[in-house]
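Undergrad: Shown below is the structure under consideration.
The values are calculated or read from the model by the stated rules, or taken from the named source; none is laboratory data. Note that the structure is a prediction, hence the values are computed from the model and not measured. Cβ placement follows ideal geometry from the backbone for every residue including glycine, while neighbour counts extend to all protein chains displayed. When the accessible area is computed, the model is the full protein with side chains, heavy atoms only, and any ligands, DNA or RNA have been set aside. Shrake-Rupley method; radii C 1.70, N 1.55, O 1.52, S 1.80 Å.
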Amino acid sequence: MRIGVLCSGGDAPGMNPCLRAVVRSAIAAGHEVVGIRRGYQGLLDEDFFVNAKGEPLMGLRSVSNLSKLGGTMLHCSRSEEFRTEAGMKKAAGVLKKHKIEALIPIGGDGTFHGAVALAQHWDGQIIGCPGTIDNDLMGTDFTIGFATAVHTAVEAVDKLRDTAESHERLFLVEVMGRHSGHIALYTALAAGAEVAAVPETETNIAQIVQHLQVLKARGKQSIMIVVAEGDELGGAEILNDDLKKAGCPFQTRVLTLGHLQRGGSPAPSDRILASRLGDFAVRAIIDGQTSAMAGEVNARLTLTPFTDTYVKHKPIPEELLELLNTLAS
Ligand code: F6P
C-alpha cells in the first residue's frame with residue numbers, strides 16, 4: 001500500500017521522530033511512503049518529497065538522524081484553500097492520482113478537522129498523530145511536543161527568576177495555548193511560579209493582588225506569574241495593566257515567549273511518544289482502521305475518532321492547580 005504522511009498546523013518538537021517512525025515502520029511492513037511537504041497546502045500543490053532517484057517516495061535513509069531534530073523536515077502550513085469545498089475535492093483528486101490509499105496527518109485540532117472534511121470526499125484511510133505543543137486534544141494524555149515546550153518555558157522562567165530575585169520584581173511570562181492552559185499550568189508548577197493564569201479557571205485580579213500582598217508581607221522577593229495566551233482576561237500585557245491598576249505591590253515586567261516554545265530538539269519523552277504513535281498509526285492503517293487519532297492513555301496506545309479529539313475541551317488537571325496554589329505560599 002502507498003501511505004501519505006504530512007505535518008500540518010503549528011509545528012511541534014517531535015514531528016520529525018514521528019515522521020521517522022511512520023516511514024520506517026511502513027517500509028518494514030512492506031509499504032511505500034509518500035512524504036507530502038507543507039501540509040495540506042503541499043497536498044493541493046502536489047509538493048512531494050523526492051528521493052535521489054527522482055521518485056516521490058521516502059526511503060529508510062531519508063529519515064536518518066531525525067530523532068533529535070526540532071521542526072519538521074517536511075515543513076508545515078495552515079492552508080486556507082484546503083478549507084474550501086473545492087480545495088477538498090482537489091486534494092482527494094491528488095491523492096487518487098498518486099495512488100495514495102492511506103494518509104497520516106500529524107498535527108492538532110485544525111489538522112483533524114481537515115481530515116474529517118477530507119474523508120467526505122476521499123475513501124482512503126486516515127489515521128492521525130497528535131503533534132501540537134498545546135496538549136489540547138482528548139484521546140491522549142500528552143501530545144507530541146508538549147513536554148519539550150514545557151521544558152523550554154521552564155528554562156525561561158528559571159532564568160527570569162534570577163533577575164526577578166535580584167531586582168525584587170514580578171514577572172508575567174506569557175506562554176502559548178490559544179484556548180488551553182496546559183503549558184501554563186505545567187510550566188508554573190515545574191518552575192515554582194506563584195500564579196498560573198489559565199483560560200479554564202477565572203483569573204481574579206483583586207484576589208491575585210491580595211495574595212501578592214500576603215506574599216510580600218511574608219518576605220517574598222520575587223514573583224513569577226505564568227499566563228496562558230488564551231487566558232480569558234487576555235494575555236500577559238493586559239494582566240500586567242490590570243494588576244498595576246489594582247495596586248500590585250511589586251514592580252512588574254512582561255515577557256512573551258511566543259514561538260520560541262515550538263523550537264528546539266525534542267525532549268526524550270516526546271521522541272518516545274512520537275516513535276510509538278507513528279508506528280501505531282501505521283499498524284492501525286494496516287489493520288484497516290480509519291478516521292481516528294493514535295494516542296496514549298494511561299501508557300496504553302489507543303485510537304480515538306477524530307471528532308472526539310476536539311469536540312470536548314481537554315480539562316487541565318485541577319489537582320495540579322491546587323498543588324501549585326498550596327506550594328506557592
Ligand atoms: O497550535 C499551537 C500554537 O502554538 C498555539 O498555541 C498558538 O496560538 C499558535 O500555535 C500560533 O501559531 P502561528 O503563529 O504559527 O499561526
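Undergrad: If you check L301 against the conditions, is it assigned by TED's automatic domain parsing to the domain that holds H151 and not in a helix (DSSP H, G or I)? Before the answer, list the steps.
TA: Details: assigned by TED's automatic domain parsing to the domain that holds H151: no; not in a helix (DSSP H, G or I): yes.
No.
Undergrad: Same structure again: Can you find a residue that is open to solvent by 20 Å² or more (accessible area, probe 1.4 Å), within 16 Å of the ligand (Cβ to nearest atom) and not hydroxyl-bearing (S, T, Y) anywhere in the stretch 63-72?
TA: Yes, the stretch 63-72 has at least one match.
Undergrad: So, one more: Just one of (1) touching a Pro at 6+ places or on another chain (Cβ under 7 Å); (2) under 14 Å from C129 (Cβ atoms); (3) among the small types (G, A, S) trips up G9, so point out which.
TA: Every listed condition holds for G9 apart from (1).
Undergrad: Suppose we keep only residues that are aliphatic (A, V, I, L, M) and open to solvent by 10 Å² or more (accessible area, probe 1.4 Å) within the stretch 22-49. Which one would you say is farthest from P268 (Cα to Cα)? Lay out the reasoning, then the answer.
TA: Within the stretch 22-49, the subset aliphatic (A, V, I, L, M) is 22-23, 26-29, 33-34, 36, 43-44.
Right, trim to open to solvent by 10 Å² or more (accessible area, probe 1.4 Å) and you get 27-29.
Numbers: I27: 24, A28: 23, A29: 26 Å.
Per the criteria, the residue is A29.
Undergrad: Looking only at the stretch 309-320, count every residue that is open to solvent by 80 Å² or more (accessible area, probe 1.4 Å) and touching a strand residue (DSSP E or B) at 6+ places or on another chain (Cβ under 9 Å) and tell me the total. Spell out the reasoning first.
TA: Of all residues in the stretch 309-320, those open to solvent by 80 Å² or more (accessible area, probe 1.4 Å) come to 311-313, 315, 318-319.
Imposing the further condition that a residue be touching a strand residue (DSSP E or B) at 6+ places or on another chain (Cβ under 9 Å) reduces the set to none.
Summing the residues that are open to solvent by 80 Å² or more (accessible area, probe 1.4 Å) and touching a strand residue (DSSP E or B) at 6+ places or on another chain (Cβ under 9 Å) in the stretch 309-320 gives 0.
Undergrad: Please list, ordered by residue number, the helices (runs of 4 or more DSSP H) wholly in the stretch 73-178 having 1 or more residues that are surrounded by fewer than 18 Cβ atoms within 10 Å (Cβ to Cβ) and within 13 Å of the ligand (Cβ to nearest atom). It would help to see each step written out before you state the result.
TA: Numbers: elements: 85-97, 109-119, 146-167.
Fully inside the stretch 73-178 and qualifying: 109-119.
Undergrad: Another question, then. Taking the stretch 9-21 as the search range and keeping residues that are under 15 Å from the mean Cα position of the chain (by Cα) and either part of a helix (DSSP H, G or I) or among the polar types (S, T, N, Q) (or both), which one is surrounded by the most Cβ atoms within 10 Å (Cβ to Cβ)?
TA: Of the stretch 9-21, the ones under 15 Å from the mean Cα position of the chain (by Cα) are 9-18.
If we keep only those that are either part of a helix (DSSP H, G or I) or among the polar types (S, T, N, Q) (or both) too, we end up with 15-18.
Details: M15: 30, N16: 28, P17: 25, C18: 33.
Looking at residues that are under 15 Å from the mean Cα position of the chain (by Cα) and either part of a helix (DSSP H, G or I) or among the polar types (S, T, N, Q) (or both), I get C18.
Undergrad: Go through the stretch 195-279 and tell me which strands (runs of 3 or more DSSP E), entirely inside it, have 1 or more residues that are within 30 Å of M293 (Cα to Cα) and either open to solvent by less than 10 Å² (accessible area, probe 1.4 Å) or within 15 Å of the ligand (Cβ to nearest atom) (or both).
TA: On the way: elements: 195-197, 223-228, 251-256.
In the stretch 195-279, 195-197, 223-228 are the strands (runs of 3 or more DSSP E) which contain 1 or more residues that are within 30 Å of M293 (Cα to Cα) and either open to solvent by less than 10 Å² (accessible area, probe 1.4 Å) or within 15 Å of the ligand (Cβ to nearest atom) (or both).
Undergrad: Is it the case that G30 is within 16 Å of the ligand (Cβ to nearest atom) and assigned to a loop (DSSP other than H, G, I, E, B)? Even if it seems obvious, please write down each step before you answer.
TA: Numbers: within 16 Å of the ligand (Cβ to nearest atom): no; assigned to a loop (DSSP other than H, G, I, E, B): yes.
No: the conditions fail for G30.
Undergrad: Hey, can you tell me all the residues within the stretch 52-69 that are modelled with pLDDT of 95 or more and either in contact with an Asp or Glu (Cβ under 8 Å, 6 or more places away or on another chain) or among the aliphatic types (A, V, I, L, M) (or both)?
TA: Correct list: L57, M58, L60, V63, L66, L69.
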